[in-house]
Amino acid sequence: MGTEKGTQIKSFGNFRDTNPIVVRRCTLEDLEGVINVNEQELPEDYPYFFYKSILDNYPESFLVACNSNKEIIGYIMWRVERTPAITNLKLKNNGHLVSIAVLKNYRRLGIATTLLSHSMKKIKKYKVDEYVLEVRMSNFEATNLYKKFKFDTQSIKEKYYRDGENAYYMTFKA
Ligand code: ACO
Ligand code: ZN
């Protein structure tokens, strides 16, 4: 099934009877909407070129969720980083979850679950050895989501965020 832009991955039956929600690949025209969701839902903001470079380099795993008015209501983006393994210093590829967010009115419908499960399959094509992410220790919803996806806490990154909050560094073997 196709849409006018991007590839439709999942249509969420009906949201409040009238609003089907669609998950599909992000396009250049979607970036404004993605930035809007990020600014509403997360204190970590990025410049436009940062989103653009992720879209240019890892388009397959950059997904958006849209409502029936074609507004962006959620997104997920990843990048791949080559880093030495702690144990043997051999280089490995980490699929790094850069950011995920869903607008408040659309939470708890399984949208983040769909964004994560589809994008993880896509980022794996870059020969990823491990999926990694940081999350605020106070972010109960998100840490719960990652645990549901079998991520484990590897370590705590002290004062990872600009406001001084610590992060859980969570990983999952691909
Ligand atoms: N309380 C407890 N657990 C929750 C909650 C909640 N309010 N919301 C989600 N979860 C967990 C549950 O395990 C849930 O599974 P379940 O419904 O079977 O119990 C699981 O997450 C999946 O729920 P979804 O409906 O798929 O998640 P949703 O679409 O609501 O989005 C998200 C979850 C992205 C964390 C959302 O709350 C959000 O946008 N928060 C603000 C932005 C944010 O914190 N992003 C993550 C930052 S870290 C990073 O980006 C690397
Ligand atoms: Zn990170």
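The values are calculated or read from the model by the stated rules, or taken from the named source; none is laboratory data. Bear in mind that the values here come from a model prediction, so they are computed numbers and not experimental data. Note that we place each Cβ from the backbone using ideal geometry, even for glycine, and neighbour counts take in every protein chain shown. All accessible areas refer to the heavy atoms of the entire protein, side chains included, with ligands and DNA or RNA removed. Shrake-Rupley method; radii C 1.70, N 1.55, O 1.52, S 1.80 Å.
At-a-glance table
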| item | result |
| --- | --- |
| Carbon/sulfur fraction of accessible area - the chain, other protein chains in place, 1.4 Å, % | 51 percent |
| Positive-end residue, the chain charge dipole about Cα centroid, Cβ charges, pick of Val135, Tyr161, Leu115 | Leu115 |
| Accessible area per residue, Å², segment 79-155 with all protein chains present, probe 1.4 Å | 59 Å² |
| Relative contact order (percent, whole number), the chain, Cα cutoff 8 Å, 6+ residue spacing | 16 percent |
| Residue-count net charge about Glu71 - beta-carbon cut-off 12 Å; Lys, Arg +1, Asp, Glu -1 | -1 |
| Net charge over other residues, Cβ less than 13 angstrom from the Cβ of Lys124 (K, R count +1; D, E count -1) | +2 |
| Candidate lysines for bridging to Lys173, where Cα separation is under 21 Å - those fewer than 8 sequence places away on the same chain excluded | Lys90, Lys92, Lys121, Lys122, Lys124, Lys125, Lys127, Lys147, Lys148, Lys150, Lys157 |
| Principal axes of the chain: Cα extent on each, largest first, Å | 52, 32, 30 |
| Formal net charge of residues neighbouring Lys173 (Cβ-Cβ distance under 10 Å; K, R +1; D, E -1) | -2 |
| Per-peptide average of other Cβ atoms within 10 Å, ordering 81-93, 32-44 highest first | 32-44, 81-93 |
| Dipole magnitude of the chain about its Cα centre (Cβ charges: Lys, Arg +1; Asp, Glu -1), debye to nearest 20 | 780 debye |
| Residue with peak Gaussian network fluctuation, the chain [Cα springs, cutoff 10 Å], from Glu130, Glu29, Glu71 | Glu29 |
